[in-house]
Amino acid sequence: MNPYRVAVVGCAGRMGRMNLAAIHAAEGCVIAGGTDQPGSSAVGSDIGLLIGQGPLGLLVGDDPVELFAAADAVIDFTTPAATRRHAELAAQAELVHVIGTTGLTPADQAVIDKAAIQTVVVQAANMSLGVNLLQLVTEQVARALDPDYDIEIVEMHHRHKVDAPSGTALMLGEAAAKGRGVALKQVARLAREGQVGARPRGEIGFATLRGGDVAGEHSVIFAAEGEQIVLTHKATSREVFAKGAVKAALWGRGKPAGLYTMRDVLGLTE
Ligand code: NAD
């Protein structure tokens, strides 16, 4: 069987480098190549040097069309605008598209949903096993408790993160709302400031912390009079996200077109 060629867009980014290293280390696939945004200082450099290896003879490009022609799958942790474009191109080339980018608008999501009619898309705001388990547990706990238990989701990330609350926090909020049988957008309080008044019953609150080099920490708090349940996940390295992304790329090989999540990849679907 021909080697399974996995490309990385945004390959000079924090996650991009991790994704390259994870493909390099994985069995059953090879690095097809990588791009970064036009004008990036990384364009033209050898991909091996980005991951602390010797030269691999593959140079960072800036043309996704050229890259996708030589790949079977692509891992994409970039920006919403870039992911939109990549989704259209990956659909045309019928590549497995693994999307980790967060901060997507409904319009961005509509482009991805359309692309998933034509090709395999695996999309998750968090690719770690631990967070996907936390998502399941959050839904179950929310289902078991009534709205006397106030739900608050607290997250902390490194100082460079650009979107808030994190995609993972929103994913956990969706899980809590689903367990409670409500729509998140009806009950979400994404931030608080000033004279906001007493907390409405049934609200799902979010708090965002930023600082240092934190790879990602999320807690879901169920607080009632007399007790609290706190479910916490801490990512101590970005490697868990990259390993999950490579697992998703390998899993997608030969699957029918469609939009899948990490829960499908990890076999956590009910
Ligand atoms: P980053 O800024 O370090 O990396 C993004 C890279 O994309 C940069 O190198 C940038 O130059 C590149 N880029 C931008 N536009 C491009 C284009 N048009 N073509 C090619 N490359 C382009 O950011 P990061 O910390 O690596 O995070 C990237 C995204 O991944 C964010 O949305 C973040 O929230 C998300 N993320 C998701 C998970 C997950 O498990 N799903 C985990 C961590 C981060």
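Brief remarks on what is shown
- Number of positions in the stretch 13-44 that are more than 17 Å from the chain's Cα centre (by Cα) and in a loop (DSSP other than H, G, I, E, B): 13
Quick grid of which residues meet (1) without any contact (Cβ under 8 Å) to a residue 60 or more places away in the chain; (2) within 15 Å of the ligand (Cβ to nearest atom); (3) surrounded by fewer than 20 Cβ atoms within 10 Å (Cβ to Cβ):
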| residue | (1), (2), (3) |
| --- | --- |
| Val6 | no, no, no |
| Arg14 | no, yes, yes |
| Ala22 | no, yes, no |
| Gly33 | yes, yes, no |
| Val43 | yes, yes, yes |
| Asp46 | yes, no, yes |
| Gly54 | yes, no, yes |
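- All positions within the stretch 229-242 that are closer than 20 Å to Gly100 by Cα and open to solvent by less than 80 Å² (accessible area, probe 1.4 Å): His233, Ala235, Ser237, Arg238, Val240, Phe241, Ala242
- Residues (within 16 Å of the ligand (Cβ to nearest atom) and in a strand (DSSP E or B)) located in the stretch 203-224: Phe206, Thr208, Leu209, Arg210, Gly216, Glu217, His218
- When the stretch 225-242 is filtered for residues that are within 14 Å of the ligand (Cβ to nearest atom) and of a type outside the set (D, E, K, R), the ones remaining, listed by number, are His233, Ala235, Thr236, Ser237, Val240, Phe241, Ala242.
- Per-region count, the stretch 204-228, residues loosely packed, with under 14 Cβ neighbours inside 10 Å and more than 19 Å from Lys161 (Cβ to Cβ): 5
Condition check ((1) within 19 Å of Leu268 (Cβ to Cβ); (2) within 14 Å of the ligand (Cβ to nearest atom); (3) not in a helix (DSSP H, G or I)) across all residues:
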{"residue": "Ala70", "(1), (2), (3)": "no, no, yes"}
{"residue": "Val74", "(1), (2), (3)": "no, yes, yes"}
{"residue": "Arg85", "(1), (2), (3)": "no, yes, no"}
{"residue": "Ala90", "(1), (2), (3)": "no, yes, no"}
{"residue": "Gln109", "(1), (2), (3)": "no, yes, no"}
{"residue": "Ile112", "(1), (2), (3)": "no, yes, no"}
{"residue": "Thr138", "(1), (2), (3)": "yes, no, no"}
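To keep it simple, each residue is scored yes or no on (1) within 13 Å of the ligand (Cβ to nearest atom); (2) touching a Cys at 6+ places or on another chain (Cβ under 9 Å); (3) open to solvent by 30 Å² or more (accessible area, probe 1.4 Å); (4) not in a helix (DSSP H, G or I).
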residue: Ala191; (1), (2), (3), (4): no, no, yes, yes
residue: Ala198; (1), (2), (3), (4): no, no, yes, yes
residue: Arg201; (1), (2), (3), (4): no, no, yes, yes
residue: Gly244; (1), (2), (3), (4): yes, no, no, no
residue: Leu250; (1), (2), (3), (4): no, yes, yes, no
residue: Thr269; (1), (2), (3), (4): no, no, yes, yes
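- Being within 16 Å of the ligand (Cβ to nearest atom), under 18 Å from the mean Cα position of the chain (by Cα) and more than 16 Å from Thr261 (Cα to Cα) holds for only one residue in Gly103, Gly130, and it is Gly103.
- Set side by side, the residues Ala177, Ala124, Ala116, Ala142 differ, and just one is within 22 Å of Met18 (Cβ to Cβ), in contact (Cβ under 8 Å) with a residue 24 or more places away in the chain and among the hydrophobic types (A, V, I, L, M, F, W, C), which is Ala124.
- Hits in the stretch 141-169 - residues which are part of a strand (DSSP E or B) and within 21 Å of Ser237 (Cβ to Cβ): Val154, Glu155, Met156, His157
The values are calculated or read from the model by the stated rules, or taken from the named source; none is laboratory data. In this text, all values refer to a predicted model and were calculated from it rather than measured experimentally. FYI the Cβ positions are ideal-geometry reconstructions off the backbone, even for glycines, and counts take in every protein chain you see. Surface areas here come from the heavy atoms of the whole protein model, side chains and all, with no ligands, DNA or RNA. Shrake-Rupley method; radii C 1.70, N 1.55, O 1.52, S 1.80 Å.
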